[in-house]
Amino acid sequence: MTYSTNHDNLLNQPLELPCGAVIKNRLVKSAMSDSLGNGEGDPTNAQIRLYERWAEGGLGLSIIGEVQVDPNFPEKPGNLVLSADSDLNALHSLASRASINGAHIWPQLGHAGGLSYTPISHPKGPSALNIDGFQCAGMSETEVSVLPDIYARAAVLAKDVGFTGVQIHAGHGFLLSQFLSPLFNRRKDQYGGTIEARCRIIVEIIAKVRSVVGAEFPIGIKINSSDQLEGGLTQEDALEAIRILDKTSIDLIELSGGSYFPGAISSSDCSTKGPYFIDFAKKAKNITSIPLVVTGGFKTRGQSLNALTSNSTDFVGLARALVLDPELPNDWLSGVDSEVEFPRFETPPQGGITAWYTMYLTAIGNDNEKK
Ligand SMILES: Cc1cc2nc3c(=O)[nH]c(=O)nc-3n(C[C@H](O)[C@H](O)[C@H](O)COP(=O)(O)O)c2cc1C
């Protein structure tokens, strides 16, 4: 398939993923955990409306944050869950209304591992840890060996109810990010040690998911460019992980950074000037031909066009900007340079900025946000 490469129009250019699926433009709504599930893992009307509004807003691909593959390890009580107990009709409604206007809609397959929400779970990561007031149990080799099947079951369910792809969450300090990180992963078996070994479970999960969803269904992944945490995943190891991913059947790699580990920096709480991970994306571009999304700190059409025209990335990922203005893609795609103003907070508590955006998501889903 060939498309014109007029730079001014680059935001509007469709792109074909390795599996053959086409994303209609270069704007991706990055995953945001919205806490709008019904508490039993199923979608609510407000959640369905939230994703419908984003699809109306013109984006090419919309990713639903933190859709759990195992109900025992949620990031929050309001997460969606893809399991045998799921309400298939409600999930089908979500998938169909969130994909109006030609938008792709992918659940982000999550498992919080050692960062599982303690009031309702017993956190368990790659290794048992007790550091800086943080505690979790470690997974046995058998528990690790069943992860590919758990992710594969969730991916099949996602496909069956009408989602148009899936993203595997391996960023921000949750389970698969913990496997990548020497800080969390102290395993002495085949899943710990070198970066190849720390990547092993991810490669196995991708292979298993691919074997059940077929060659034409998009599978993406979100990974950190670094954990920005002492002892965590470094940039060098993250680039090595991309080299390894390049040899898998993954269709789209989203680059992010930071962690929700207590006391660490997360990019959704970050107030420094963006975009954040462009330099890393340029390095990643040199070592993989798999399409990339870079996410973090984008606020303007100009920044997005620069990232695309400099060939640093194939897609631009937006999170907070699309909370502040769900219609932003329509503006940018039609050439209107509307810019969002990220609110400033005086000394917010850790997680406070992200929590503010989460509340705003509820208002959008109820069609009553402040304009
Ligand atoms: C309210 C909120 C919830 C988020 N939840 C998730 C999530 O579930 N999964 C994820 O990968 N990232 C999550 N993020 C991070 C974003 O996807 C994104 O990586 C980060 O906010 C930086 O992009 P931005 O500067 O465009 O906001 C969340 C961000 C916000 C603001």
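Residues that are touching a Leu at 6+ places or on another chain (Cβ under 7 Å) and part of a helix (DSSP H, G or I) occur in region 238-254; there is at least one. Of all residues in region 193-230, those being small (G, A, S), surrounded by fewer than 19 Cβ atoms within 10 Å (Cβ to Cβ) and touching a residue at least 60 places away in the same chain (Cβ under 8 Å) number 1.
Kindly establish whether V340 is free of Cβ contacts under 8 Å to residues at least 60 places away in the same chain, touching a helix residue (DSSP H, G or I) at 6+ places or on another chain (Cβ under 6 Å), within 13 Å of the ligand (Cβ to nearest atom) and more than 26 Å from G220 (Cα to Cα). Here the answer is yes, as V340 does meet what is asked.
Identify all residues within region 302-330 that are assigned to a helix (DSSP H, G or I) and either touching a Cys at 6+ places or on another chain (Cβ under 7 Å) or more than 10 Å from the ligand (Cβ to nearest atom) (or both); write none if there are none.
Step one: of region 302-330, the residues assigned to a helix (DSSP H, G or I) are 302-309, 320-324, 328-330.
If the condition is that a residue be assigned to a helix (DSSP H, G or I) and either touching a Cys at 6+ places or on another chain (Cβ under 7 Å) or more than 10 Å from the ligand (Cβ to nearest atom) (or both), then G302, Q303, S304, L305, N306, A307, L308, T309, L328, P329, N330 are the ones that fit.
Filter region 280-301 down to the residues that are assigned to a helix (DSSP H, G or I) and of a type in the set (A, V, I, L, M, F, W, C) and list them by number. If the condition is that a residue be assigned to a helix (DSSP H, G or I) and of a type in the set (A, V, I, L, M, F, W, C), then F280, A281, A284, I287 are the ones that fit.
Let me confirm something: among G193, G231, G173, which residue is within 16 Å of the ligand (Cβ to nearest atom) and of a type in the set (G, A, S)? On inspection, the qualifying residue turns out to be G173. Somewhere in region 201-213, is a residue more than 16 Å from the ligand (Cβ to nearest atom) and assigned to a loop (DSSP other than H, G, I, E, B)? Checking region 201-213: not a single residue is more than 16 Å from the ligand (Cβ to nearest atom) and assigned to a loop (DSSP other than H, G, I, E, B). Of the strands (runs of 3 or more DSSP E) contained entirely in region 63-142, those carrying at least 1 residues that are within 16 Å of the ligand (Cβ to nearest atom) and closer than 24 Å to G232 by Cβ fall at 104-110. Contact annotation: residue pairs with Cβ atoms under 6 Å, 6 or more positions apart or on different chains, pairing a residue in region 7-24 that is buried (at least 17 other Cβ atoms within 10 Å of the Cβ) with a partner that is at pLDDT below 95, are Q13/Y3.
Looking only at residues that are part of a loop (DSSP other than H, G, I, E, B) and aliphatic (A, V, I, L, M) in region 333-359, which one is nearest to the chain's Cα centre (by Cα)?
Only one residue tops the list, namely V340.
Condition check for K299 on (1) touching a residue at least 40 places away in the same chain (Cβ under 8 Å); (2) of a type in the set (K, R); (3) away from the ligand (no atom under 12 Å from the Cβ): one failure, at (3).
Matching residues to (1) farther than 18 Å from G65 by Cβ; (2) touching a His at 6+ places or on another chain (Cβ under 6 Å); (3) open to solvent by 30 Å² or more (accessible area, probe 1.4 Å); (4) in contact (Cβ under 8 Å) with a residue 24 or more places away in the chain:
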| position | (1), (2), (3), (4) |
| --- | --- |
| A137 | yes, no, yes, no |
| V156 | yes, no, yes, yes |
| A170 | no, no, no, yes |
| F179 | yes, no, no, yes |
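Among the residues here, S271 qualifies as over 18 Å from A31 (Cβ atoms) and among the hydroxyl-bearing types (S, T, Y).
The values are calculated or read from the model by the stated rules, or taken from the named source; none is laboratory data. All values reported here derive from a predicted model rather than from experimental measurement. Cβ: placed from backbone, ideal geometry, glycine included. Neighbour counts: every protein chain shown. The accessibility values were calculated without ligands, DNA or RNA, using every heavy atom of the protein model including side chains. Shrake-Rupley method; radii C 1.70, N 1.55, O 1.52, S 1.80 Å.
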